[in-house]
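To start, the structure under review is shown below, and the notes come after it.
A short reminder: the numbers here are calculations on the coordinates, not readings from a lab. What you are looking at is a predicted structure, and each value in this text was computed from that prediction instead of being measured. Ideal geometry is used to build each Cβ from the backbone, glycine not excepted, and the neighbour counts take in all protein chains shown.
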Amino acid sequence: MATRTVKICGQLVSDAASITILWDGEQVVSGAITPVNEQADGHAIIGTWTFDDGGQTDDIVDHTLSFSVTSGMAEAGPLWFSTPGIDSDDPTLGNGAISDANDIAGAGYWRPNNSYPYGDGGDTALTERSNILINGVAPTLDPGQETTGTADAPTWAGWHFCIAAGETLTCTARCPKEWVAVVTP
């Protein structure tokens, strides 16, 4: 079993906002957002929590995530899952899909996307979040907007969703297993 860390990227839309995050039905974050590692575009880590992965051996394990805004307005964005290793082409040190110190989550997290370890980068490849609903309704693309997936079945890689007080985003959080070094003889 390993204790894993999850970070959610987002942004304050109003001057202040409070959120409640449920992970597999258990409250893991509650209170005012304090942005961490804020980027030039205003995005930051707006929530961090840990969970026991139970010795995960499957490539991807689904969890339920509920992100509610209790006051103000905030954007809920991609998820970053901890894993050992670094951003490296050397398979004994890490994997190119693992973050480095320059990423918003810091070093040692799976980068959110629709390619490895989440999918093959194709039109139907899922990202680290799937089955996204806002107040029970699937988001839709406005004319001219593009995302991964298809216009009829977007997969929302990298998207942030604006959530106002009283609203809730729910989704399936797709947790990849931890990276394991390739040992060469």
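Given charges of +1 on the Cβ of Lys and Arg and -1 on the Cβ of Asp and Glu, with all other atoms neutral, how large is the dipole of segment 3-176 about its Cα centre, in debye to the nearest 20?
With only Lys, Arg, Asp and Glu charged at Cβ, the dipole is about 360 debye.
Going by C-beta contacts inside 10 Å, put TRP159, TRP80 in order with the fewest on the left.
The most exposed by this proxy come first: TRP159, TRP80.
Could you check the simple spin-label distance between LEU141 and THR184, using points 7 Å along Cα→Cβ, in nm with one decimal?
4.1
Which of GLY77, GLN11, ILE33 sits farthest toward the positive end of the charge dipole of segment 3-176, with +1 on the Cβ of Lys and Arg and -1 on the Cβ of Asp and Glu?
Checking the options against the dipole of segment 3-176, the answer is ILE33.
Taking every pair of alpha-carbon atoms in segment 48-140, give the share separated by more than 21 Å as a whole percent.
42
Calculate one ³J(HN,Hα) per residue across segment 123-129 by plugging θ = phi - 60° into the Karplus curve 6.51 cos²θ - 1.76 cosθ + 1.60, and present them in order as whole Hz with x for glycine and proline.
Once θ is set to phi - 60°, the couplings for segment 123-129 become 4, 9, 5, 7, 9, 6, 10 Hz.
Using only the Cα atoms of segment 3-176, what semi-axes does the equivalent ellipsoid have when each is the square root of 5 times a gyration tensor eigenvalue? Give whole Å, largest first.
Each semi-axis is the square root of five times an eigenvalue, giving 24, 20, 16 Å.
In percent, what relative contact order does the chain have, based on Cα pairs under 8 Å that are 6 or more apart in sequence?
Across the chain, relative contact order equals 26 percent.
Taking neighbour Cβ counts within 10 Å as the exposure measure, how do GLU178, GLU146, GLU128 sort from fewest upward?
GLU146, GLU178, GLU128
Taking the chain as a Gaussian network, Cα atoms linked when under 10 Å apart, which of PHE67, PHE51, PHE81 shows the biggest mean-square fluctuation?
Most flexible of the set in this elastic network: PHE51.
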